[in-house]
Amino acid sequence: MSVTQVNSLIAAQSSDALTIARQAVAVETPNVRAAREQQRLARGRSDALRNINNRLAALERELDELAFEDVVSAKTATTDIPPGREPAVAVRTPGDALDGQYRVWIEQLATHTQVRSSEPIGAAVDPTAPLDRAGLTTTVTSGRFRINGETFACNAAGETLADLVARIHGSTASVSAAYDEATATLTLTARYSGNLPIELEELDGNFLAATRLVAPAVELGQNARVHVAGPAGEQTVEHEDNTIVDLIPGVTLELIRTTAGPVTVHVRRDLARPLRAARGFVAKFNQLMASLHQVLAGTPADVPTEGHGRQVREVHERLRQLLTSHARRLRDAGVQVDESEPDVPLKLAERRFATLVAQQPARVQADLGLGRADGPVPALRDYVHDLLARGGLGTGASEQPAAASEPARERALLTQFTTLRDSLQRLHSQQELLARLTERR
């Protein structure tokens, strides 16, 4: 076969390959585009379902907050001390506190009993040396002693003053212990407050005597003393510590400092908490229904009536049913339900709701079902909780396998095109080589 014939044959084969490649591209390019569009739609559906699940979780948190019975019966206690000034008392209150105005005088704070060495225990004490060689004026001998009923053993030859002080400090004797090298004295401070002593007893040995704690300097703690005047009258009380419960009915007082005059404490119903909970519930419900409606309306991507689309529609319809079946009770509690709209949007009538909470909290509890098994809040809460416990939307029939196959098909097509391109390049190279050989002849 002549060079010319070979050249013609290669050119024909190259032309055929190019034609085949072009035909394949013409056929497969729409398929690739369709596959990519399907992937885009699948991602849109996946994002939409993820957004709905996030909305469900947010609504569940708000329902959990609103569901407690005490959310509408909570009380708050405040003082008349201006912001920026050091408070004299901190107040805490549960839901059963009695409303009213109280005047509180803090005459004395509770303090802690202290005992310390009656004199320096040595001129040059080394707290890190064994006790019997630590430089105490009185040489320590091994033995036992008690602090508030707890027994301590002292090994004079094998234990240092620092070791024994640390052991006392970390014990259950309810005292802190510290050695002051500057004054060469040992101090024990009661962890409890009030005018209660620290009980010390030498059993054998002489540690307490050597540290001058047998007849120590004692500063006895004192009880807190508070005077309160309120709707039920006046009274003065003493207490062992600075936390006093129920001196004002249902209120805990944390005493911080003494006062020259009275501090006024106001106890009233806490309207901020139920308003915050109701606002959160209304906002999160409306956001969830809007997300469900957006998917059903075909944006951001069409969801078919089968599979996930059916789930979205079922959730939307169930939430709508729960709201419309409890619409009257919600309206009675100050939560308006627009049943004329597909998403039954909620609107909180804040003034009416706050008035009902302030004047008829039991009615609000009954209407919303707070702390109960029936009512709009527990019904919604149970449904959302069960839905999320099953994994939320996106479980069951899935579109992921089809979406997952699309990238594989696209890769296969690209591989075919790459092979055709390489074959064409080789044919063109051979053609050019033959052409040069022909010119040389």
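The values are calculated or read from the model by the stated rules, or taken from the named source; none is laboratory data. Please read all numbers here as calculations on a predicted model, not as lab measurements. For neighbour counting, all protein chains shown are included, and Cβ atoms are generated from backbone atoms with ideal geometry for every residue, glycine included.
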Check residue 63 against each of (1) hydrophobic (A, V, I, L, M, F, W, C); (2) surrounded by fewer than 17 Cβ atoms within 10 Å (Cβ to Cβ); (3) modelled with pLDDT of 85 or more; (4) assigned by TED's automatic domain parsing to the domain that holds residue 289 and name the one condition it does not meet.
(2)
If we scan the range 360-369, do we find a residue that is within 28 Å of the chain's Cα centre (by Cα) and acidic (Asp, Glu)?
no
Among the residues of the range 147-176, write down those that are touching a helix residue (DSSP H, G or I) at 6+ places or on another chain (Cβ under 9 Å) and not charged (D, E, K, R).
147, 152, 154, 155, 156, 157, 158, 160, 161, 164, 175, 176
When you scan the range 385-392, do you find a residue that is among the acidic types (Asp, Glu), under 19 Å from residue 51 (Cα atoms) and at pLDDT 85 or above, even just one?
yes
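I need the full set of residues from the range 224-270 which are assigned to a strand (DSSP E or B), of a type in the set (A, V, I, L, M, F, W, C) and surrounded by 17 or more Cβ atoms within 10 Å (Cβ to Cβ), in order please.
Hits for the range 224-270 are 224, 226, 228, 244, 253, 255, 263, 265, 267.
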Might you check whether a residue that is small (Gly, Ala, Ser) and surrounded by fewer than 14 Cβ atoms within 10 Å (Cβ to Cβ) occurs anywhere in the range 96-107?
no
Please specify each residue of the range 134-161 satisfying the condition of being of a type outside the set (Val, Ile, Thr), closer than 19 Å to residue 118 by Cα and out of contact with any Asp or Glu (no Cβ under 9 Å at 6 or more places or on another chain).
136
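Taking the range 137-179 only, how many residues are assigned to a helix (DSSP H, G or I), free of Cβ contacts under 8 Å to residues at least 24 places away in the same chain and within 21 Å of residue 192 (Cα to Cα)?
Step one: list which residues in the range 137-179 are assigned to a helix (DSSP H, G or I), which gives 161-169.
Now restrict to residues that are free of Cβ contacts under 8 Å to residues at least 24 places away in the same chain: 163, 166-169.
If we keep only those that are within 21 Å of residue 192 (Cα to Cα) too, we end up with 166-169.
The number of residues fulfilling the criteria is 4.
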Condition check: touching a residue at least 24 places away in the same chain (Cβ under 8 Å), assigned to a loop (DSSP other than H, G, I, E, B) and either assigned by TED's automatic domain parsing to the domain that holds residue 243 or surrounded by 19 or more Cβ atoms within 10 Å (Cβ to Cβ) (or both). Does residue 115 satisfy that?
no
What is the one condition in (1) within 28 Å of residue 50 (Cα to Cα); (2) among the charged types (D, E, K, R); (3) in a loop (DSSP other than H, G, I, E, B) that residue 313 does not satisfy?
(3)
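Matching residues to (1) modelled with pLDDT under 95; (2) over 29 Å from residue 104 (Cβ atoms):
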{"site": "166", "(1), (2)": "no, yes"}
{"site": "169", "(1), (2)": "no, yes"}
{"site": "202", "(1), (2)": "no, yes"}
{"site": "216", "(1), (2)": "yes, yes"}
{"site": "223", "(1), (2)": "no, no"}
If residue 124 meets every condition in (1) without any contact (Cβ under 8 Å) to a residue 40 or more places away in the chain; (2) small (Gly, Ala, Ser); (3) buried (at least 16 other Cβ atoms within 10 Å of the Cβ) apart from one, which number is that one?
(3)
Can residue 320 be described as farther than 19 Å from residue 381 by Cβ and not small (Gly, Ala, Ser)?
no
